[in-house]
1. I need the full set of residues from region A:122-153 which are over 23 Å from A:Ala44 (Cβ atoms), hydrophobic (A, V, I, L, M, F, W, C) and surrounded by 17 or more Cβ atoms within 10 Å (Cβ to Cβ), in order please.
2. Looking at B:Val291, B:Val305, B:Val333, B:Val344, can you tell me which residue is crowded, with 23+ Cβ neighbours inside 10 Å and more than 8 Å from chain A (Cβ to nearest Cβ)?
3. Taking the options B:Val230, B:Val190, B:Val183, B:Val170, name whichever one is within 26 Å of B:Ala369 (Cβ to Cβ) and either in contact with a helix residue (DSSP H, G or I) (Cβ under 7 Å, 6 or more places away or on another chain) or not hydrophobic (A, V, I, L, M, F, W, C) (or both).
4. Which one of the conditions (1) part of a helix (DSSP H, G or I); (2) closer than 17 Å to A:Ser139 by Cα does A:Arg81 fail to meet, given that it meets all the rest?
5. If a residue must be under 17 Å from B:Val376 (Cα atoms), out of contact with any Ser or Thr (no Cβ under 6 Å at 6 or more places or on another chain) and in a loop (DSSP other than H, G, I, E, B), how many such residues does region A:59-78 contain?
6. Under the condition of being outside any strand (DSSP E or B) and among the hydrophobic types (A, V, I, L, M, F, W, C), which residue from region B:343-369 is nearest to B:Pro49 (Cα to Cα)?
7. Hey, can you tell me all the residues within region A:449-461 that are surrounded by fewer than 24 Cβ atoms within 10 Å (Cβ to Cβ) and assigned to a helix (DSSP H, G or I)?
8. One residue is enough: does region B:438-447 have a residue meeting the conditions within 7 Å of another protein chain (Cβ to nearest Cβ) and surrounded by fewer than 24 Cβ atoms within 10 Å (Cβ to Cβ)?
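The values are calculated or read from the model by the stated rules, or taken from the named source; none is laboratory data. All values reported here derive from a predicted model rather than from experimental measurement. Don't worry about glycine lacking a Cβ; one is built from the backbone with ideal geometry, like all the others, and counts go over all protein chains shown.
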There are 2 protein chains.
Amino acid sequence: MERLRVAVVGGGPAGMAAASRVKRLLGDRAEVVVFEKGRWVSFALCGTPYYIGCTVKTLDDLVYYPLEEFVEKRGIDVRIRTEVTEVEADARRLRFRRPDGGEGVYEYDYLVLATGARPKVPGLWRELLGYENFFTLRSLDDAERIRRYLVRDDVRRVVIVGAGYIGFEVAENVRALGREAVVVELASQVLPVMLDEDMAAPAAEVLEANGVALRLGVGVQRFEAEGGRVRRAVLADGSAVEGDAFIIGVGVAPEVGLAKSAGLRIGETGAVWVDERMRTSRPEVYAAGDVAETVDLVTGRRAWVPLAPAANKMGFVAGTNIAGGDAVFPGVVRTSVTEAFGLVVAATGLRERDAEKAGFKPVAARLEARTKAHYVGGGSKILLKVVADAETGRLLGAQAVGDETAFWRVNVVAALLQSKATVWDLFSLDLGYMPKVAPVWDPLVVAARLLMRKLGTKPRG
Amino acid sequence: MERLRVAVVGGGPAGMAAASRVKRLLGDRAEVVVFEKGRWVSFALCGTPYYIGCTVKTLDDLVYYPLEEFVEKRGIDVRIRTEVTEVEADARRLRFRRPDGGEGVYEYDYLVLATGARPKVPGLWRELLGYENFFTLRSLDDAERIRRYLVRDDVRRVVIVGAGYIGFEVAENVRALGREAVVVELASQVLPVMLDEDMAAPAAEVLEANGVALRLGVGVQRFEAEGGRVRRAVLADGSAVEGDAFIIGVGVAPEVGLAKSAGLRIGETGAVWVDERMRTSRPEVYAAGDVAETVDLVTGRRAWVPLAPAANKMGFVAGTNIAGGDAVFPGVVRTSVTEAFGLVVAATGLRERDAEKAGFKPVAARLEARTKAHYVGGGSKILLKVVADAETGRLLGAQAVGDETAFWRVNVVAALLQSKATVWDLFSLDLGYMPKVAPVWDPLVVAARLLMRKLGTKPRG
């Protein structure tokens, strides 16, 4: 019997999950080749800020499984430093460039595109990437370059553009290295994609309390370079922020070049369209991870949410289906979490302002609450917001800021969102209680009570 | 207009929640009288172990709101040290004994029975409760008596009968006072109601590692007293455990005396039957809290699960409905949690062995997993078990032992149980991820993967 030939483009978590899954299910009946243009596979991009700050000592620590695990134990043909340059979809063939510069061709039965995402850099700034002190952070190599630069004696102040989770986490790690940090953000709040404005104050405060200067509500107009290095960011208000290093974290975009050249359908989000089995518009081509779009289970619409847990699952699902199994990945509810200086910020579903845009009539409960019973000590306070639809009582999202229980309370709401639960379900939710771990009226249930004041105590529908 | 007269029997969380709710909704249009036989209202029984161990300094700390809050701010007529002796249901009248011994009568339009639960004490042992060193723990007064006794110079060893959550938590607090602790348990494991046997080892180990001696799998045959004090427990195997104080924690039973005398329907669980609006078999009588039964949302059967969060909600719902509102409490999924010596033990839904008894075909995944990404440090290991039905893939329950994230992971499963979610829903669950708070493949999702090996990757139904 001929072996099934499976090509995987991209050795990140999605690609390696797909490759591993095919080999696990088919063993010697499949030949699986992974093409990775970088040096690493199975890497944890989310850990790169902590490599910069030296919490993570070596890049190897950011690799989930070493290359040998995939090659020797799982029998996957992993080709690092090998870039796929073209997909000839009709011929089911791809062309690649070997580490030595030579060209190669591989014919596949199935292809998995797991090319990930790349950092967004506005056009005028792109040429600055040639400067040694101007960075984006989207690979282990980026992290290495940044750390090597930041430990230089003459680096005193680091300017971070963007107060999303990259900016939030990098700021902490820049401070950990003893450098000054300035964060410039166009929006008038930190974490503008995760949080409604009325939830963002504690995150701004924790940055400032730890020596991170914030410039909110003002964009960078241009950067100025002198003597081979970028020296300052000139802001829209005319002021300038001097710096010795500049890190741009203003978002990412799906790496769809190959997909487009292969004629695959690109979805309305700009990422590769896939069905819930991770199949693209061509039946023999799958896409998984940050290059692929999925469904927002709250709105029911297509969404692009490039985060690692979904990427891993998409890879698992793609690999399962290629191997003749049957698995689905129905979508996400946009759960995300970040942390800096001990403050955890988590969100799931829609923010209040997104809910309105999505056609809901949002109503919200926002409260500060203790995380544990008052009488045993311990615990702390969290700020919590739960958003629901005023017409149906359906839960639409939650945001929480505080200790790690903020994260977990958001996860509980994520579970409820998945099943389209209502405010009354949240009230009835059977959360465990004992004084050392939670209060008897959990903040989530208190939020439900506050929402019931607006929506009524009787479940609808 | 005549005022609605509402009588509440029992000043614990359920009774005070009902009373408060009626007054909040009706204000002066209602007269609410709470009859509480003890000294305290709005008390946190779950905190009593920590009073014994002096983590909680005073009994007042165990009161959520002081009496004045209810009387002066909320306008509730609270009568402490006042025992209701009879309910004349047809006459809508109750008789009570005043603190001074005098008798009184109160006529009501609505009655809320919130009489709670009492500790189970096998018949032969009951007379021992007269001894100064033989205790149960079900009230703030019990806690005070125990603490006063345990701090005596001549108390060196405390024998705790029952390794349920009371035994687990009291053992920690006995050790905190520097006393020896011996726990005797008829079942062959600790926490026999919460955990399957294959999950109980860490809880036993943490007790033993902290100097708590365990005698598992052997019951107490009798106690022997000398000189006015109980001196030893003689076990079924003939051995004896000497002790200076004895605390019995072998379960509780609903306090249904008044309900029975009023002719109310008692459910199959032995607790007062109520509908989801908390109404008993008489339309003007409600029951709430530990005296009332509810529904197990996993099995769909009647259940008696006397825990504080449900009690509070039942009181809220009863009060809402009495005041002319409309609220429901659909039931519970049996979520519970306990902690000792830093080890958190949590469970929700059905244990594997209960699932079988309830007519399911249980299949389980059990794993030990890290609670955070490997490369950032921090985190610890948890032992997790997820139980599902082999025929439908429906989730049936989860148990977890470890740090506080064990508790939260169980809460997430509780949210899924409420919506009758499946193993495939658990796989798709959109839990947040960043290395400092969780691993990219959360142990819950890994458990789903393990279950999918047995159930298949394709969702059914």
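1. A:Trp125, A:Leu128, A:Phe134
2. Every option except B:Val291 fails the conditions.
3. Residue meeting the stated conditions: B:Val190.
4. (1)
5. Total meeting the criteria: 0.
6. Looking at the filtered set, the residue picked out is B:Leu350.
7. The answer is A:Arg449, A:Leu450, A:Met452, A:Arg453, A:Lys454, A:Leu455.
8. Checking region B:438-447: at least one residue is within 7 Å of another protein chain (Cβ to nearest Cβ) and surrounded by fewer than 24 Cβ atoms within 10 Å (Cβ to Cβ).
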